[in-house]
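Heads up, the thing below is written out as structure tokens.
The values are calculated or read from the model by the stated rules, or taken from the named source; none is laboratory data. Bear in mind the structure is a predicted one, so any value in this text is a computation, not a measurement. Cβ atoms come from the backbone with ideal geometry, glycine included; neighbour counts cover every protein chain shown. Ligands, DNA and RNA are stripped out before the accessible areas are found, and what is left, the full protein with its side chains, is counted by its heavy atoms. Shrake-Rupley method; radii C 1.70, N 1.55, O 1.52, S 1.80 Å.
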Amino acid sequence: AASDVYKRQFFILITLAFIGTLTIYIVGSGEILNDLLGLPMWVGELIIYVVAAGVVFFGLKAVGISEKFAIIAIALVVLALSVLSLRLPDFSLDIAFMGGVKKTMALFGVMMFSFWSFFSVPQAVEGLQWNKRLAPWAVICGIGITLVFILIITLMAMGASSDVTKIVILGWGEAIGDWAKIFGSLFILLAMLTSFWSVSLALAVVLAERLNWGDRLSWVVATVPSLIVAF
């Protein structure tokens, strides 16, 4: 009986954490659209919700295809910013290896962001039912790609910019030039979209398995509350 209580409590906490995270993605993406296009916040948030939740509505295959193209676009943005950074006359990696408690604590946000990648593991296993032996390699490669992105972005941003910004890639783009901030905004937008797809799909699966709900009801409960909270 005690075990069931703990399971219910954990389920509630996970659900609330997921909804809170999805809300952050919607609000953050809405702010980017507001900054780039001058759209009202609520309009930007609604557009992001339609795009993000609309992909999840069609299931795992649609999420997989969308994430593939989004990751390619993210890689191109990182590559472009990296090449431009290396061409800066004052580019230096010395600052990247200077320690300190504050810089160590600054890693916390990145680590928490990275931890969400583990919620894609069930999706990887489900998508590889035709060959389950590939699942461990898919998980390792996925987490490895996340590691590579974080290392490149961290080193390049610290080498190109002497100022520390709350959102590192915006400071990185600003160090290259005001026009490069568009690349940074695009990166964040794509990163939030891919994260929304993975997290909301994972939550929908959890709701369906835990409460025996249908796919559509699970999708509604997994995505709509985050839009309501954002508004």
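Set the Förster radius R0 to 41 Å, insert the Cβ-Cβ distance between Asp90 and Val50 as r into 1/(1 + (r/R0)^6), and round the FRET efficiency to 0.05. Efficiency for this residue pair is about 0.45. Extension gain for Gln129 to Leu147 (0.36 nm times residue separation, less C-alpha to C-alpha distance): 3.9 nm. Taking only protein heavy atoms and a 1.4 Å probe, the accessible area of region 140-219 is 69% carbon and sulfur.
Calculated FRET efficiency, Arg210 to Ala75, Cβ-Cβ distance, R0 = 30 Å: about 0.25 to the nearest 0.05. Across the alpha-carbon set of region 120-231, the Rg to Rh ratio works out to 1.09, Rh being the Kirkwood radius.
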